[in-house]
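*Asks:* What follows is a structure written as C-alpha cells; I'll ask about it next.
The values are calculated or read from the model by the stated rules, or taken from the named source; none is laboratory data. Predicted model only: the values in this text are computed from it and were never measured. So basically every Cβ, Gly included, is an ideal-geometry build from the backbone, and we count neighbours across all protein chains shown. Each accessible area value is taken on the protein alone, full model and side chains, heavy atoms only, with ligands, DNA and RNA left out. Shrake-Rupley method; radii C 1.70, N 1.55, O 1.52, S 1.80 Å.
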Amino acid sequence: MTDDWSARQYLKFEDERTRPPRDLLAQVPLQDPRRVIDLGCGPGNSTELLIARYPQAEVTGLDSSPDMLRQARERLPGRTFMQADLSTWSPPERTDLLFANAVFQWVPDHPNVLARLLKALPSGGVLAVQMPDNTNEPALALMREVAERGPYAGHPALEHAARGDLPTPGGYYDLLRPLASHLDVWHIVYNHVMAGPEGIVEWFKGSALRPFVDALDGKAREDFLADYRARIAKAYPARYDGKVLLRFPRLFIVAAR
C-alpha cells in the first residue's frame, strides 16, 4: 500500500464509492451498538453513514493515511479519528461493530487479521467487511499488462504494485465460521456509469492505480497513464449515449460473534 492516499482524488466518485458501504450497513444486524469503529474510514464518507444509522453510538474512524484523516476531520468536526495500522491494531473492549469499507484488500495477510479482529469482539459483536473483488476485471488486468511491457518491464517497484486476488467465499467461510454465531458472505456486481474511458482512469487513480503511478516519475508516469488510458478505451466501449460501464464486483462479509 502506498504511504498516503489522496482524499480529493478518492472523492471524485463519492456517490459511487459510498454505495457499497450503504449496502453493507443495510445488512448489519445491530439495532443499538454502543461503540462503532470505522476501519479504513478514508475521508469520512462511510463514517458519516454510521453516525446517521447509530446516532447514539460512540463512532470512531481509523485510517493509516494522514490526508484521509485530515479530510475526515474537516467533514465531521468534533468526531474522533485516529491513525492506525490495521495489521496490528486491536479493538478496545466493548466494541460492538467493526465496519470496514474497501480497506482489507490492502492489509497483508488480511484473512488472518479478520479472524483476529472477530475473536476480539464480545458476544453479539459484528465484523462487517466489503472489499473490491475485481482483480480479473480489464481495468486491473490492464495495469499489470502495461507494467510488464516495454520500458516498465522489470521495474522493481512495479513488480509488487498489483493487488493480489481475494480468497474464495468458501475460504473466508471456513476461516470465520468457527468463530461466528452467524456468517453471511455474498457478492454484488455494480455497473458504474462513467462519462468515458477517462472516467475509469480517474476512478482508479484514487485506488488501484496509485501504487503504479507512485512508483514512477515525470514522463515515465505520463507515458504509463497514456498507455493505460488507450487500452482502457479499447476494453470499455462506448454505450449508445457515449458513456461507458465500469463493471465492479465486490465481496461482502458480515460475521457476528
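*Asks:* Note the full-extension length gain between GLU145 and GLU198 as 0.36 nm times their separation in residues minus their Cα-Cα distance, in nm to one decimal.
*Replies:* Details: separation 53, 0.36 × 53 = 19.08 nm, distance 1.80 nm.
The span from GLU145 to GLU198 would gain 17.3 nm if fully extended.
*Asks:* Which percent, nearest 5, of DSSP beta bridges in the chain are antiparallel?
*Replies:* In the chain, approximately 55 percent of DSSP beta bridges are antiparallel ones.
*Asks:* Hey, another quick one. Positive end of the charge dipole of the chain (Lys, Arg +1 and Asp, Glu -1 on Cβ, about the Cα centre): tell me which of PHE252, THR47, GLY124 has its Cα farthest that way.
*Replies:* In the chain, that residue is GLY124.
*Asks:* What FRET efficiency do you get for ASP165 and GLN31 if R0 is 41 Å and r is their Cβ-Cβ distance, rounded to the nearest 0.05? Mind dumping the intermediate values first?
*Replies:* Values: r = 36 Å, r/R0 = 0.87.
Once rounded, the FRET efficiency stands at 0.70.
*Asks:* Another question, then. For the chain, what is the number of Lys pairs with C-alpha distance below 24 angstrom, counting only pairs 8 or more positions apart or on separate chains?
*Replies:* Details: LYS12/LYS205; LYS12/LYS234; LYS12/LYS243; LYS205/LYS219; LYS205/LYS234; LYS205/LYS243; LYS219/LYS234; LYS234/LYS243.
So the count of such lysine pairs works out to 8.
*Asks:* Between ILE188 and ASP217, what's the calculated FRET efficiency when r is the beta-carbon distance and R0 is 25 Å? Round to 0.05.
*Replies:* 0.10
*Asks:* For the chain, with every protein chain kept in place, what is the accessible area per residue (1.4 Å probe, Å²)?
*Replies:* Accessible surface, normalised per residue, equals 46 Å².
*Asks:* A further question follows. Only loop residues by DSSP count here, and only those with at most 13 other Cβ atoms within 10 Å; note down the trypsin sites (Lys or Arg not before Pro) in region 115-150 that meet that. Provide the component values of the computation, followed by the final result.
*Replies:* Details: sites: ARG116, LYS119, ARG144, ARG149; in loops: ARG149.
Those that pass, being in a loop and sparsely packed, are ARG149.
*Asks:* Now a separate question. How far, in nm, would the chain grow between ARG177 and MET82 when pulled straight, counting 0.36 nm per residue and subtracting the alpha carbon separation?
*Replies:* Between ARG177 and MET82, full extension yields 31.2 nm more.
*Asks:* How many percent of the accessible area of region 22-72 is carbon or sulfur, using a 1.4 Å probe?
*Replies:* 45 percent
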